[in-house]
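Undergrad: A single structure is presented below for examination.
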Amino acid sequence: MNAVWRRIGNRGSWPLLAALLLLALAAWPPRVQLQRPVFEWQVSFDITQSMNVEDVELDHAAVSRLTLARAAMREVLAALPCGSRVGWSVFADYRSLVILTPIEVCSHYEELLASLERIDARMRWANASNIGKGVTWAVRGARSIGGHTAFVFISDGQEAPPLRENDSPPMMDITPGEVKGWVIGVGGDVPVPIPKTDSSGESAGYWKPEDVVQGSAIGGTQNHEHLSELREDHLQTLAKLVGVNYLRLATPEALKTAMLDRRFALSRRADADLRWIPALLALLLLAWRFAPDLRHARGALGPRALSAD
């Protein structure tokens with residue numbers, strides 16, 4: 001065994017020193033920036049009470065529309081490349097209000113996750129739901145942040161009170177297509193009761209026909225505004241009105257695919273995590289340095305172990 005260690009020492013220590021330097025480089029890497037595709041999104045969540053309807057699935061269990069939207073957004077955050085930025089907005093009444101402007105996803109990942117989990121119906125400031133105006137305000141919000149910011153508006157499309165015939169949101173200051181983005185629809189196809197909650201989020205039963213304004217709704221449905229289903233035709237019309245894409249959110253993967261679409265990518269210098277390169281080189285050096293001696297040591301110890309038995 002002593003002969004083995006003498007041979008290890010005679011081979012020189014430069015591979016060990018080189019591996020040590022490489023490991024130090026992996027632990028304390030220099031800042032490296034590369035030109036790469038990144039994304040910048042302002043995401044607006046509908047937080048009105050119809051988004052509490054549990055008519056969608058997540059992991060084979062029924063969940064609310066807002067729960068599915070948040071789960072999908074968590075997957076997007078994990079998939080976005082470093083250098084990308086994401087911000088949050090919430091929609092109720094007629095406004096999409098920016099509550100967090102886009103911040104870098106890798107350095108603020110935990111903060112983005114924590115703030116995402118706090119987005120729910122308790123944040124609403126009114127029970128009305130003027131979806132058309134909400135979409136246009138989502139456009140204005142993204143535009144005010146910067147010319148490269150795209151938006152996502154996630155909603156079931158239910159207007160409350162229902163729109164009058166040929167009613168459309170004011171768009172005098174909006175040019176269709178000037179802001180890129182997605183209108184995302186979420187919800188089932190069968191009208192179901194809408195849970196009623198108080199300001200603290202506690203259940204107060206369900207909305208009844210006499211509790212809400214009834215009337216002819218978008219998409220051909222009539223006189224069941226106390227019930228809710230995905231108003232897909234309405235959302236598609238709004239998406240076309242502001243010149244963006246429409247997508248139905250059935251699985252979290254659908255939102256991830258939409259928000260990582262290369263049509264929305266920006267070319268920007270961003271920090272690149274290259275720590276794996278020196279770490280891998282150090283591992284290869286150590287394997288090259290010690291593997292022959294370890295094989296020899298096993299061969300030398302084998303007969304002795306057998307004779308001891």
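Undergrad: Can you tell me the relative contact order of region 34-270? Whole percent, Cα pairs under 8 Å, sequence separation 6 or more.
TA: Normalised by residue count, the contact order of region 34-270 is 27 percent.
Undergrad: Check region 34-270 and count each lysine pair with an alpha-carbon distance under 27 angstrom, considering only pairs eight or more places apart or from different chains.
TA: Close lysine pairs found across region 34-270: 9.
Undergrad: For a footprinting-style exposure proxy, rank 152, 186 by other Cβ within 10 Å, fewest first.
TA: 152, 186
Undergrad: Here is a follow-up. Based on other C-beta atoms within 10 Å, arrange 59, 156, 233 from fewest to most.
TA: The order, fewest Cβ neighbours first, is 59, 233, 156.
Undergrad: Another question, then. Considering the dipole of region 34-270 built from charges on the beta carbon (Lys and Arg +1, Asp and Glu -1) around the Cα centre, which of 148, 49, 182 is farthest to its positive end?
TA: Value computed over the given set: 148.
Undergrad: In which sequence would 101, 175 go, from the one with the fewest C-beta neighbours within 10 Å to the one with the most?
TA: Going from sparsest to densest Cβ surroundings: 175, 101.
Undergrad: What translational diffusion coefficient, to the nearest whole µm²/s, does region 50-171 have by Stokes-Einstein, given a Kirkwood radius computed over alpha-carbon pairs, a temperature of 4 °C and 1.567 mPa s viscosity?
TA: It comes out at roughly 83 µm²/s.
Undergrad: Taking the convex hull of the Cα atoms, report for region 34-270 its projected area averaged over all directions, in nm².
TA: 12.2 nm²
Undergrad: Which percent, to the nearest 5, of DSSP beta bridges fully inside region 34-270 are antiparallel?
TA: Of all bridge pairs located within region 34-270, approximately 50 percent are antiparallel.
Undergrad: A follow-up question, please. Quick one: dipole size for region 34-270, taken about the Cα centre, charges +1 on Lys/Arg Cβ and -1 on Asp/Glu Cβ, in debye to the nearest 20.
TA: I would put it at about 1060 debye.
Undergrad: Which of 157, 97, 172 sits closest to the plus end of the dipole of region 34-270, meaning its Cα is farthest towards the positive end, when Lys and Arg get +1 and Asp and Glu get -1 on the C-beta?
TA: Of the options given, the answer is 172.
Every read-out reported here was derived from the displayed coordinates using simple, explicitly stated rules and does not represent laboratory data. This one's a predicted model, so the numbers in the text were calculated from it and none came from an experiment. Every residue, glycine among them, receives a Cβ derived from its backbone with ideal geometry; neighbour counts consider all protein chains shown.
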